[in-house]
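Report on the structure given below.
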Amino acid sequence: MKLLRTIDELRDALSQVRLAGRRVALVPTMGALHEGHLSLVDAARASLDAKPAGGVLVVSVFVNPAQFGPGEDLANYPRQLQADCDLCETRGVDIVWAPSAQEMYPAEESLTSVSVAQLGEGLCGLARPGHFDAVCTVVAKLLNIAQPDEAYFGEKDYQQAAVLRQMAADLNFPVEMRTCPTVRERDGLAMSSRNAYLSAEHRSQAPALGESLQLARELIAKSHPPAEDIVRAMSKHLAARAPAGQVEYIQIVDPQTLKAVQQTDKPVRILLAVRFDGARLIDNAAG
């Protein structure tokens with residue numbers, strides 16, 4: 001496995017891959033890898049290995065400063081590149097690409113950004129203005145630099161995945177944008193690098209997010225109640241099981257447009273965000 005640091009190094013390495021007629025898969029991450037990330041790696045590796053000529057799997061590790069707002073956790077975000085490389089090597093990754101912020105943003109001020117209207121404006125976009133513009137911009141840069149045939153993202157970040165799929169389609173990136181299911185701890189908490197910020201008390205309450213989503217799924221399957229009734233039931237469950245958590249939002253939306261819906265007799269997506277002190281947790285489920 002190779003550890004590369006610059007754009008030129010990555011482009012040179014991948015140009016040889018394409019000349020040989022092999023595919024490239026990219027798994028973009030901010031490091032601090034866990035089994036959720038590794039499930040994306042495994043899916044990418046399996047896809048490449050199923051092709052006659054095989055292919056090269058690239059995992060990018062870049063903590064993107066542009067997507068952290070004022071007062072967010074950029075300085076404290078976990079950075080463990082050697083451990084990430086060790087994990088990647090055990091899962092068949094060919095290249096870990098870990099550029100510096102200076103490599104990705106050489107100018108003092110970047111004058112170009114990528115924005116997707118509507119999909120990024122509600123839900124997490126309300127609490128984190130500019131966040132999805134920064135995510136779209138860095139992923140557009142990653143796709144342009146690596147030019148992968150396939151790119152993999154986690155369903156836990158459902159809104160982000162929807163925004164990025166739309167961006168890739170609108171800008172005609174020749175890449176298959178693939179989304180993989182959320183990976184959970186044994187108690188149902190969605191895996192996230194930010195789970196490390198939870199105190200023991202808050203960690204014991206955090207599984208209530210997954211429980212509330214399961215409650216919503218059961219209510220929908222039983223009687224398709226109005227969305228407001230489901231939100232009320234979820235809020236009540238979270239208040240009882242996670243009293244330290246501050247609910248930022250609970251919304252029932254159309255899976256494609258991410259617009260709020262009132263009725264649940266058609267497929268919906270249930271999304272929520274809850275804060276425990278410095279840890280902001282998000283989760284979602286199909287309903």
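Each value in this text was obtained by applying a stated rule to the coordinates, not by laboratory testing. Note that the structure is a prediction, hence the values are computed from the model and not measured. Cβ sites come from the backbone with ideal geometry, for glycine too, and all protein chains shown count toward neighbours.
When only Cα pairs below 8 angstrom with a gap of at least 6 residues are kept, the chain shows a relative contact order of 17 percent. For region 68-224, taking the reciprocal of the average inverse distance between every pair of different Cα atoms yields a Kirkwood hydrodynamic radius of 18.3 Å.
Listing GLU108, GLU121 from fewest to most neighbouring C-beta atoms within 10 Å gives GLU108, GLU121. In degrees from 0 to 90, rounded to the nearest 10, what is the angle of the helix 158-170 Cα long axis to the longest principal axis of the chain? Here the helix axis deviates by roughly 50 degrees. Please list, short to long, the whole-number percent of alpha-carbon pairs of region 193-286 in consecutive 10 angstrom bins beginning at zero. Taking every Cα pair in region 193-286, the percentages come to 18, 49, 26, 7. Exposure proxy ranking for CYS88, CYS180, based on other Cβ atoms within 10 angstrom of each Cβ and starting from the fewest, stands as CYS180, CYS88. For VAL268, the amide hydrogen comes within under 5 Å of the amide hydrogens of GLY287, counting only partners 5 or more places away or on other chains and with H modelled in the peptide plane. Could you list, in their original order, any pairs among LYS2/LYS141; LYS2/LYS156; LYS156/LYS266; LYS222/LYS266 whose Cα atoms are separated by more than 23 Å? Check vs 23 Å cut-off fails for LYS2/LYS156. For the options ARG186, ARG128, ARG232, a Gaussian network treatment of the chain with springs between C-alpha atoms closer than 10 Å singles out ARG186 as fluctuating the most. Counting only DSSP beta bridges with both residues in the chain, what percent are antiparallel, rounded to the nearest 5? So the antiparallel bridges in the chain amount to around 45 percent.
Seen against the Cα atoms of the chain and their longest principal axis, helix 81-90 is set at about 80 degrees. Remark: the LEU171-ALA240 segment gains 20.3 nm on full extension, using 0.36 nm per residue and subtracting the alpha carbon distance.
Using the rule -39500 (n - 2.57) for each DSSP H run of four or more residues, divided by the residues of the chain, the 222 nm mean residue ellipticity is -12000 deg cm²/dmol. Taken about its Cα centre, region 2-180 carries a charge dipole of roughly 420 debye when the Cβ of each Lys and Arg holds +1 and the Cβ of each Asp and Glu holds -1.
Relative protection proxy for 69-76, 277-284, from highest mean packing down: 277-284, 69-76 (other beta-carbon atoms within 10 angstrom).
What does the charge add up to near PRO129, with Lys and Arg as +1, Asp and Glu as -1, over the other residues with Cβ less than 15 Å from its Cβ? Local charge sum for PRO129: -2. Neighbour counts of C-beta atoms inside 10 Å place LEU81, LEU238 in the sequence LEU81, LEU238, starting with the fewest.
Once the chain from GLU35 to ARG5 is taken as fully extended at 0.36 nm per residue, the excess over their C-alpha distance is 8.4 nm.
The gain in end-to-end length when the GLN82 to GLN263 segment is fully stretched comes to 60.3 nm, 0.36 nm per residue minus the alpha carbon separation.
Pair-distance distribution of the chain: all C-alpha pairs, bin width 5 Å, starting at 0; shares per bin in whole percent are 1, 5, 12, 15, 18, 17, 13, 9, 6, 3, 1, 0. Just to confirm the number: angle between the C-alpha axis of helix 227-241 and the first principal axis of the chain, 0 to 90 degrees, nearest 10? Helix 227-241 and the main axis of the chain meet at about 90 degrees.
For region 55-67, the Karplus equation 6.51 cos²θ - 1.76 cosθ + 1.60, evaluated at θ = phi - 60°, returns couplings of x, 10, 9, 10, 10, 8, 10, 8, 7, 7, x, 5, 9 Hz by residue, with Gly and Pro reported as x.
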